[in-house]
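This report concerns only the one structure given below.
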Amino acid sequence: MTFDHLWAGWRAAYVTSVSDAFAAPGEQPLRTGGADTPENCVFCQLLAAGGKDEHYVVFRGKRAAALLNAYPYASGHLLVLPTRHVRALGDLDDEEAAELWATTRDATIALGHAYSPDGLNLGANLGRAAGAGLPDHLHFHVVPRWVGDTNFMTTVASVRVLPEALPESWRRIVAAWPH
Ligand SMILES: [Zn+2]
């Protein structure tokens, strides 16, 4: 199944600025190659970058960070990840595991304040066979959900409606992030 975005004006610049790792189904990757090293990992690049790429980083801790998903399933869709390029949950040391979980907690708090969702999906796709688009850098998804958001458009028309621009999501989540 392919998805077309009704609105994604920010996307071209974003994809150009990082890599193909977020390439949507059917979309032409701008770079080839895997993400098996930090040098070609979109997450590591984002965390290392300054400038406009900073607008995808909503929280940057010592051992964990939270990013806006460039292809959100809903407004506020966050990715929580260790700052170190680690593939498996079992590769985290205790301090990384603790900070990753604390950052996941804070992400749910921030999304609660920013969006007042009716619920949240929290999950991870560990490995490409499990659906990970970028399996080489561990990350958790935190997705706000609302009663009735079962995505009629996706189901019926293979179109995702993105009601909010990513810069607006960034502003709201950063403002709501617990300190
Ligand atoms: Zn990485």
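Points to keep in mind about this one:
- Of all the criteria given as (1) buried (at least 16 other Cβ atoms within 10 Å of the Cβ); (2) within 17 Å of Pro135 (Cα to Cα), the one not satisfied by Thr104 is (2).
- Qualifying residue in region 117-129 (condition: open to solvent by 70 Å² or more (accessible area, probe 1.4 Å), among the charged types (D, E, K, R) and either at pLDDT 90 or above or closer than 14 Å to Asn69 by Cα (or both)): yes
- Ala132 vs. criteria within 16 Å of the ligand (Cβ to nearest atom) and open to solvent by less than 10 Å² (accessible area, probe 1.4 Å): yes
- Of all residues in region 57-94 being at pLDDT below 90 and hydroxyl-bearing (Ser, Thr, Tyr), the one that is farthest from the ligand (Cβ to nearest atom): Ser75
- Tally, over region 55-84, of residues that are farther than 18 Å from Ala176 by Cβ and aromatic (Phe, Trp, Tyr): 2
- Criterion (among the charged types (D, E, K, R) and at pLDDT 95 or above) met by exactly one of Glu39, Glu99: Glu99
- Residue in region 102-110 that is modelled with pLDDT under 90 and among the aliphatic types (A, V, I, L, M) present: no
- Pair list, Cβ < 7 Å and 6+ apart or interchain, from region 36-48 residues that are over 15 Å from Pro82 (Cβ atoms) to residues that are outside any helix (DSSP H, G or I) and near the ligand (Cβ under 9 Å from one of its atoms): Asp36/Asp136
- Positions within region 82-101 being open to solvent by less than 30 Å² (accessible area, probe 1.4 Å) and more than 18 Å from the chain's Cα centre (by Cα), in sequence order: Leu92, Glu96
The values are calculated or read from the model by the stated rules, or taken from the named source; none is laboratory data. Remember, it's a predicted structure, so these values are computed and weren't measured experimentally. Ideal geometry is used to build each Cβ from the backbone, glycine not excepted, and the neighbour counts take in all protein chains shown. In case anyone asks, the SASA skips ligands and DNA or RNA and just uses the protein heavy atoms, side chains included. Shrake-Rupley method; radii C 1.70, N 1.55, O 1.52, S 1.80 Å.
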